[in-house]
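This report concerns only the one structure given below.
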Amino acid sequence: MTPVARWEKRAEIPLLLLALAFLIAYAWPVLDPSLDTDVRTVLEVASWTVWAAFFIDFAARLYLTTERRSYAFAHWYDVALILLPMLRPLRLLRLLAFARILNRSAVGSLVGKVSTYVAGTALMALGLGAIAVLDAEQDAPDANIATFGDALWWSATTVTTVGYGDRFPITTTGRLVAVALMLVGIACIGAITAGVAAWLVAQVEADARDSVDQSE
């Protein structure tokens with residue numbers, strides 16, 4: 001096991017816990033705009049503390065690898081979350097620590113792994129997309145996404161590519177969130193289609209083998 005792999009294995013659970021802490025620190029003020037100022041300050045400090053921890057983690061991984069430039073390109077999302085901390089919705093990239101846990105927990109066949117990823121990604125995209133767009137839209141004049149219910153409905157129709165159009169972002173940041181959610185939705189639908197097709201092919205092959213065995 002390489003030094004980077006050892007570091008990633010040791011840091012996996014702490015990063016997951018930090019990602020959970022960040023989710024609370026990020027989502028709470030968004031969902032409760034009337035939050036007490038002192039509590040809001042504590043949550044903001046916690047959010048920046050998580051940013052610092054992720055920065056240290058990525059710096060350590062860069063130090064331990066021999067191909068630093070290639071590693072940075074391959075982990076562009078880590079670079080983004082470090083270099084773009086002022087764009088609040090992009091801070092949700094820190095929650096990619098969940099993807100690492102899914103990667104290690106997804107066992108079995110390729111179809112099983114794809115199903116695990118798709119289910120986890122779809123649920124994360126649905127909830128986090130709603131929070132991110134609400135953060136961007138709720139204080140904008142003439143916004144039609146003003147509550148978490150509105151945001152969750154918009155997120156569901158967007159990630160499933162239905163797009164009724166009754167709720168839509170009007171800010172630049174909100175539209176960037178929408179583009180990201182659209183891409184995730186298209187990828188999820190493609191993965192679901194491929195997974196169902198693979199399952200059907202496996203079932204047909206199994207039935208064919210059973211028929212051959214019975215005829216013999």
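The values are calculated or read from the model by the stated rules, or taken from the named source; none is laboratory data. As the structure is a computational prediction, the values presented were derived from the model and not from experiment. Glycine gets a Cβ as well: all are built from the backbone with ideal geometry, and neighbour counts include every protein chain shown. Note: areas computed on protein heavy atoms with side chains; ligands, DNA, RNA excluded. Shrake-Rupley method; radii C 1.70, N 1.55, O 1.52, S 1.80 Å.
General observations
- So Ala5, is it under 19 Å from Asp135 (Cβ atoms) and open to solvent by less than 50 Å² (accessible area, probe 1.4 Å): no
- Of all residues in the stretch 167-187 being open to solvent by less than 70 Å² (accessible area, probe 1.4 Å) and assigned to a loop (DSSP other than H, G, I, E, B), the one that is nearest to Ile131 (Cα to Cα): Pro169
- Qualifying residue in the stretch 52-60 (condition: in contact (Cβ under 8 Å) with a residue 60 or more places away in the chain and outside any loop (DSSP other than H, G, I, E, B)): no
- Within the stretch 64-81, residues that are assigned by the TED database to the domain that holds Pro3 reach partners that are of a type in the set (Phe, Trp, Tyr) and surrounded by 15 or more Cβ atoms within 10 Å (Cβ to Cβ) with beta carbons closer than 6 Å, at six or more positions or on different chains, in the pairs Leu64/Trp7; Thr65/Tyr71; Asp78/Phe58.
- Residue among Ala80, Ala72, Ala60, Ala52 that is closer than 18 Å to Asp135 by Cβ and open to solvent by less than 60 Å² (accessible area, probe 1.4 Å): Ala80
- Ile145, sole failed condition from (1) modelled with pLDDT under 80; (2) open to solvent by less than 50 Å² (accessible area, probe 1.4 Å); (3) not in a helix (DSSP H, G or I): (1)
- Residue, surrounded by the fewest Cβ atoms within 10 Å (Cβ to Cβ), within the stretch 21-48, restricted to residues that are closer than 28 Å to Arg6 by Cα and touching a Phe, Trp or Tyr at 6+ places or on another chain (Cβ under 9 Å): Ala46
- Some residue of the stretch 194-201 being in a loop (DSSP other than H, G, I, E, B), in the same structural domain as Leu123 (by the TED database) and surrounded by 11 or more Cβ atoms within 10 Å (Cβ to Cβ): no
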